[in-house]
Amino acid sequence: MLFRNLFIKYYAAAGEGGGEGGGNGGGNEPEITPELQAIIDARVNDSVTGLQNKNNELLGKLKKATETLKTFDGIDPDSVRSILQRFSDDEEAKLIADGKLDVVLEKRTERMRTDAEKQIKTANDRAGQAEAFANKFRDRVLNDAVREAGVKAGVLPTATDDLILRARSTFRIDEEGNAVAADADGNAILGKDGKTPLSPVEWAESLKDSAPHLFPQAEGTGAGAHKGGGSNAGLKRSEMSSAQKSEFLQKHGQQAYLRLPK
């Protein structure tokens, strides 16, 4: 467009002054005069200078942007945008911006209360499980202690369960794992000497008067069944079943049972 305008301005006028010569020579290339060349050069220089200035301006902006980006090295833009978005959408932020600090405090207090209740419930559940486990352990220790005391006191093997049930109302397991006798108020029960605590063995032996059925019959009671070689003649301990042994002990006593041949 620039060269077209220059041609119209300068060569059209030259054609008009040439008359027919201009018309006849219409197929020849126009002559570029020094004046025209100077104008063309000036316009080209202006265009180039403008482009250079624009290029320098863009390069300056690019350099400045590059320097600015260096301050964000190691920062994830997406994460930053996400955080800013969450903050802007956060209910508390909006409430604070609206000056509703009391509402914010109330909500935070409610959250803290809820968290505390959850923690307390978790702690209580764990404590309950631990207590159940401890009670199970205590029962087992007490049962073993009473069973051992029953053997030492001569309680019938078949009466062991009865003995354990009776012991639970008198004995408990202390922190050291020992079976100790205590009354309903938790006070220690003393033995016959009035000084030392009542032991499971002493307690079991005391039942001979109040619960004689827990023990074998005294020697001589019902002994006629075996002294004369009656129905027990020929019985051997090794040949008796568990039921027969139990029945014999209840009827004739431990001493009579021990006198039977092996």
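Some notes on this structure:
- When residues in region 111-151 are screened for being among the aliphatic types (A, V, I, L, M) and farther than 30 Å from residue 254 by Cβ, 8 of them pass.
Listed here are the residues, each with its yes/no results for (1) under 30 Å from residue 175 (Cβ atoms); (2) not β-branched (Val, Ile, Thr).
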{"position": "48", "(1), (2)": "no, no"}
{"position": "66", "(1), (2)": "no, no"}
{"position": "75", "(1), (2)": "no, no"}
{"position": "92", "(1), (2)": "no, yes"}
{"position": "109", "(1), (2)": "no, no"}
{"position": "117", "(1), (2)": "no, yes"}
{"position": "131", "(1), (2)": "yes, yes"}
{"position": "134", "(1), (2)": "yes, yes"}
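- Any hit, region 196-218, residues being in the same structural domain as residue 142 (by TED's automatic domain parsing), charged (D, E, K, R) and modelled with pLDDT under 90: yes
- Candidates 246, 231 - the one that is among the polar types (S, T, N, Q), loosely packed, with under 15 Cβ neighbours inside 10 Å and either touching a Phe, Trp or Tyr at 6+ places or on another chain (Cβ under 8 Å) or modelled with pLDDT under 80 (or both): 231
- Of all residues in region 175-198, those that are surrounded by 13 or more Cβ atoms within 10 Å (Cβ to Cβ), within 23 Å of residue 137 (Cβ to Cβ) and not hydrophobic (A, V, I, L, M, F, W, C) total 2.
- Cβ-Cβ under 9 Å pairs, at least 6 apart or on other chains, region 157-171 side in a helix (DSSP H, G or I), far side among the charged types (D, E, K, R): 157/245; 160/147; 163/147; 164/147
The values are calculated or read from the model by the stated rules, or taken from the named source; none is laboratory data. Nothing here was measured: the structure is a model prediction, and the numbers come from that model. Neighbour counts run over all protein chains shown; Cβ positions are idealised from the backbone, glycine included.
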